[in-house]
1. If packing is taken as the average count of other Cβ atoms within 10 Å, what order do 196-204, 118-126 fall into, highest mean first?
2. Let me spell out the model: positive unit charges on the Cβ of Lys and Arg, negative unit charges on the Cβ of Asp and Glu, origin at the Cα centre of the stretch 137-237. What dipole size does that give, in debye rounded to 20?
3. With an 8 Å Cα cut-off and a minimum separation of 6 or more residues, compute the relative contact order for the chain in percent.
4. In the chain, which helices (entire DSSP H runs) extend 15 Å or more along their own long axis, judged by Cα positions, while averaging at least 0.0 on the Kyte-Doolittle scale?
5. Stretched out fully, how many nm does the piece from residue 45 to residue 65 gain, at 0.36 nm a residue minus the Cα gap?
6. Normalised by the residues of the stretch 122-244, what does the relative contact order come to in percent, with Cα pairs under 8 Å and at least six apart?
7. In whole Å, what are the extents of the stretch 94-244 along the principal axes defined by its C-alpha atoms, from largest to smallest?
8. Rounded to the nearest 20 debye, what is the charge dipole size of the chain about its Cα centre when +1 sits on each Lys and Arg Cβ and -1 on each Asp and Glu Cβ?
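Please treat every number below as a calculation from the coordinates, not as lab data. Being a predicted model, the structure only gives us computed values, none of them experimental. For neighbour counting, all protein chains shown are included, and Cβ atoms are generated from backbone atoms with ideal geometry for every residue, glycine included.
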Amino acid sequence: MNRPYKILGLVLAISGAVTAPIFYFLIGAAALTAVSLSAIILGFMSMILANARPYVSPEACQMLLKTGMENTSALIEELGLNNKAVYLPSSARGGRSQALVPLSSNGHLQRTVGKIPGRLIIRYGPELEEMAIAITTAGSVNLDLLPNKPGPTASDIESSLNYILTGVLDIADATSVSVSDSIVKIEVTRPKLASEDNWYYRCLGSPIASIAASVSSEALDKPVQIKEESFAKGKSTITLEILS
C-alpha cells in the first residue's frame, strides 16, 4: 500500500535533483529551477507520507470487522438469542476479556461460579439453563491497546476510553464517564461508527459500546451489561449496569 508513495517520492526527488542544476547553470531559468526544487521537496514529503501510512488500510480493517460481525450475527440469529451479552473481565476468562450471551432467558449471570472455561459454549452456573456462548468482541480485542490496566474510578475509565476511541482508533472526539451505584454512564461525542438494528447490535451493542463495556468491566473487575444505547445531537449515550 505504501509502495506507490515511495515510487512517486523517488521519481520526484531524482527528477528535481537532475533538472535543478541544468535549469540554474545552463539555462539560467529561475522559475524552472524553483519548480525542480519544489519537486525535490514534494518527493521527500511523499516518502515521509509512505512511512506514516498504516500497514493495513482502513478499508481492509473495515472489511475484517464487517466479516466478523456478520458471521457472529448469523450464529446468534441461528440460535435465536435475544438476550443482552454480559461483558466479563479478563480475570474471569483466563486472561482474555469476552462477552457471554446466555442461551436461556432464565439464566442469571449475576451469580457466576468461579472462573469460566475458555470454550465457545460454556456453563457459568450450577443450573441446567445457566449456559451461554462466549464471544470475542471488538472491545475485547481493543483492551490490548491499553498500556496499563485501567483503575476502577470514573476518571480512569474515561482516560482509557479517550486513549482508545480518540487517540488510537480516532472514531470519536471525546468521552465522558460517570459512575453511580451500579450504573456506568458514558457519553461519546461525535462517534464515527453508527449503530445498526440487527442481531449483533441487539445482543452485543455497537463497536463503541462494546469497547466501553469491555474497558469498564476490566477496570471494575466485574461483569457489566449494556442496558441502553442511544444517539442524539451528535452524542452517543451508553448506559452500563454493573453486575455483582
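1. On the way: 196-204: 17.4, 118-126: 13.8.
The peptides rank, most packed first, as 196-204, 118-126.
2. 140 debye
3. Values: 435 pairs, mean separation 41.6, N = 244.
Over the chain, the number comes to 17 percent.
4. Membrane-span-like by this rule: 3-21, 30-52, 58-79, 207-220.
5. 4.0 nm
6. 25 percent.
7. Ordered largest first, the stretch 94-244 gives principal extents of 45, 33, 28 Å.
8. Numbers: 20 positive and 21 negative charges, 117 e Å.
The dipole magnitude comes to about 560 debye.
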